[in-house]
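Below is one structure; the comments refer to it alone.
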Amino acid sequence: MVKKASKGSATSATGFSWWGLFAKLSIVFLVLMVVFFAYCDAKVRGAFDRQRYEQPAKVYARPLVLATGAILTAYELESELAEIGYSSRRLVDQPGSYYRQGDHFTIYLRPFDFADGPQPARKIEVDMNGTTVGVVRNKLGDRIAEEQLDPMVIGGVYPGRHEDRLMLSLAESPQMLIETLVQVEDQHFYRHFGISPRSIVRAMLANIKAGRTVQGGSTLTQQLVKNTILSNERSLWRKAKEAVMSILTEMHYSKDRILEAYINEVYLGQEGNRAIHGFGLAARHYYNRPLNELNLAQTAMLVGLVKGPSYYDPWRHPERAKTRRNIVLNELAEEGWLTKEQLTAWQNEPLELAKTSALAGVYPAYVDLVRRQLSRDYQSKELQSSGLRIFTPFDPVLQRRAEKATVKSLQRLESREKDLEVAMVVTKVNSGDVVAVIGGKRPKYAGFNRALDALRPIGSLAKPAVFLAALNQPTQYNLLTKVSDEPVSITNANGSQWKPANYDRKSHGEVPLHTALAHSYNIATARLGMQVGLDKVMAMFQRLGIQRPLLEVPSMLLGSAELAPIEVAAMYQTLAADGRYTPLRTIYAITDNKGELLARYPQKPRQVVNPAAVHLLQYAMLETVREGTGKGVYQVLPKDYRVAGKTGTSNNTRDSWFAGFAGDYMAVVWMGTDKNTSTGLTGASGALTVWRQFMAEASTEQMPFSPVDGVEYEWVDGLSGKLSQSWCENARYMPFMSGSAPRERGGCAPEPEKVWGWFRSVFD
């Protein structure tokens, strides 16, 4: 007889057990919870590790050196102080402040970790003297040789997510910020365990009373978890994950560690496609100052942005931002931190924002050049996350002068050609440092970088290489050697005929080399190049720094080779440096985020061409500017100012070039259109106008020019090429490589000494 199951039994007649099912489900639930907690734990740990170390590389300009005699105006000094975020105030009582009285500056320099070591904060006095720095004194009033400002950040290399941050330790974070942030965003931060039930209840009651969401109950820890790990999705599942992860975060990390992470991670705005994270970078973004230099009103504005960086954007919505700031200040007053009078004073303060974001990347062409060099030496991930500091020779003062010269010239020329574009590269002759770059007529626009990527025929800028290849053979050529400028037809390797013609469509008979270069005679240059040999000319291009493979054809003698302005700059840098080749430098040092030196980029110049031969070429390039195609330079520059240069014009006036050097600087300028159409501009009427305007403001030092070893000077007759005397008609004082000067003397009746032209003035 089968016994019936009792009414209260958990087992049915079929053997099913509800308790067994419950136990199994409980085990499954517990396993899932363990997996869920393990997942959350791994996400929390991973996120905190990334937060701690992911920092984009920063690119710095050169520090502005204040030394007696340095070329700098009071306006330029004040502009640089403004660009690096120094505040003007009568009482100069803290780093990052200055006061100007006419030509006298009092400056409280910030501390900064330079590549050569840290420098402390210190106060200095600077007297300007017109266009130069006068006297520099320390706080005791003693004269000092020089001082330098902290350099400005001109760009960076950012993670693929386009996030940017400036990492700060909690110790580096101002106490004013910490207290304001905790008071406004999470009063119970130091008492809760990741979530705050009290805050949640308070927020629920406030929202019910208002009939809408007016208050949130999230802790700082929850906000951090949401910003770093989760999304802004509105769901109970997301809130559950947020709560669990917040509790786990509090279990693994100290309150100080969490607060430090929050200060560096919180989203506070947008600059283009870059997300601004952390209060350190936000201070630079909105005020162009370090966080520790902000006052209470400015700090309150940043804290107020936490509620909604887009909604309270102070540039787009200044009234909203000010209202939110004042709410923050009022909360501080309610806690007794401010008196009524102090509250009123701070709430009446203007926003005092920077004119533009210091992070806007206003020098994109130069930063592009830096990134390309970095990519050869560093992995992309290392650049995007290691917080490297890249020190460059970029000079904002010279860059502004180059931009000003470009704008001024284009305003005049664009009436003829509206699509006109421009590129410019400026180097420092003694070091090979690239100090300024313009990639187009809109230099602030990060588009096509013509200085690096616009490959265009260089025209007559090729001619100095041809003439130098000849002058490097002193037994056969000197500056007085005659070459025919009569029409010629040259057979190419494929059997076609090349018939070069002069720009003026004339021929000029037998002309000396210096005249052929000064007046840029195409036919004479082609004949000379063929006499010297295409192989020797090609070798000279390579020695001067042209690394791009060129077609060894006759037309290369007149600049058919297509080069970018940066490549032309390498060639003319070698000519300016007396035949010493130095790779163009855009980085001189790299440190890690703690200031430890990682790499230096010292220059190692190599003598690639006989300096005596280069000296002769420089003489002819001086003549080019004084008497030849480049004489338009002296419409702006003083008549006694020594400049060496060369104009260049490609076929059908598609490209206008000028390259030249004076004083410390060499500059190459290109003008043309992106469509490669005719501009109607020659090198003299286009690019030269930009170059001369720039050089007129960039340097007061003229080109140094004095005899070098292996060179002797003689007075010669400019027509016959025979020896002469200084007082004779057509006499010129000219350089010759030792042993190559003429020996035959021409006739000239003795006269009292009479110096002609500029030829004696070429020497100091």
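The values are calculated or read from the model by the stated rules, or taken from the named source; none is laboratory data. Computed from a prediction, not measured in an experiment: that's the story for all the values here. Every residue, glycine among them, receives a Cβ derived from its backbone with ideal geometry; neighbour counts consider all protein chains shown.
A few remarks follow.
- Residue match in the stretch 630-642 (condition: buried (at least 24 other Cβ atoms within 10 Å of the Cβ) and touching a residue at least 24 places away in the same chain (Cβ under 8 Å)): yes
- Contact map, the stretch 298-322: first residue touching a residue at least 24 places away in the same chain (Cβ under 8 Å) and of a type in the set (Asp, Glu), second residue buried (at least 22 other Cβ atoms within 10 Å of the Cβ) and not in a helix (DSSP H, G or I), Cβ cut-off under 8 Å, separation 6 or more or different chains; pairs are 313/269.
- Only residues that are among the basic types (Lys, Arg), part of a loop (DSSP other than H, G, I, E, B) and at pLDDT 85 or above were counted across the stretch 342-378, and they come to 0.
- Residue 661 vs. criteria in contact with a helix residue (DSSP H, G or I) (Cβ under 8 Å, 6 or more places away or on another chain), farther than 23 Å from residue 413 by Cβ and in contact (Cβ under 8 Å) with a residue 12 or more places away in the chain: yes
- Filter result (in a strand (DSSP E or B) and charged (D, E, K, R)) within the stretch 432-475: 433, 456
- Applying the criterion of at least 2 residues that are among the polar types (S, T, N, Q) to the strands (runs of 3 or more DSSP E) found wholly in the stretch 54-117 leaves 97-101.
- Listing of strands (runs of 3 or more DSSP E) fully contained in the stretch 588-649 that carry 3 or more residues being of a type in the set (Asp, Glu): none
- The residues of the stretch 456-512 that are charged (D, E, K, R), within 25 Å of residue 567 (Cβ to Cβ) and out of contact with any Gly (no Cβ under 7 Å at 6 or more places or on another chain) amount to a single one, 463.
- Within the stretch 677-713, the set of residues being of a type in the set (D, E, K, R) and in a loop (DSSP other than H, G, I, E, B) comprises 701, 709.
- Test: residue in the stretch 501-521 that is within 30 Å of residue 586 (Cβ to Cβ) and either part of a helix (DSSP H, G or I) or not assigned by TED's automatic domain parsing to the domain that holds residue 557 (or both): no
- Matching residues in the stretch 561-598 - criterion: being small (Gly, Ala, Ser), under 30 Å from residue 448 (Cβ atoms) and within 21 Å of the chain's Cα centre (by Cα): 564, 569, 570, 589
- Residues of the stretch 311-341 satisfying the condition of being in a loop (DSSP other than H, G, I, E, B) and under 42 Å from the mean Cα position of the chain (by Cα): 311, 312, 313, 314, 315, 316, 317
For every residue, the table says whether it meets (1) under 30 Å from residue 387 (Cβ atoms); (2) of a type in the set (Asp, Glu); (3) touching a helix residue (DSSP H, G or I) at 6+ places or on another chain (Cβ under 6 Å).
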site: 560; (1), (2), (3): no, no, no
site: 569; (1), (2), (3): no, no, no
site: 573; (1), (2), (3): no, no, no
site: 578; (1), (2), (3): no, yes, yes
site: 581; (1), (2), (3): no, no, yes
site: 585; (1), (2), (3): yes, no, no
site: 598; (1), (2), (3): yes, no, no
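- When 54, 125 are screened for being acidic (Asp, Glu) and modelled with pLDDT under 90, only 54 passes.
- Any pair with Cβ under 9 angstrom, 6 or more apart, that starts in the stretch 538-552 at a residue that is not assigned by TED's automatic domain parsing to the domain that holds residue 568 and ends at one that is assigned to a loop (DSSP other than H, G, I, E, B) and surrounded by 12 or more Cβ atoms within 10 Å (Cβ to Cβ): none
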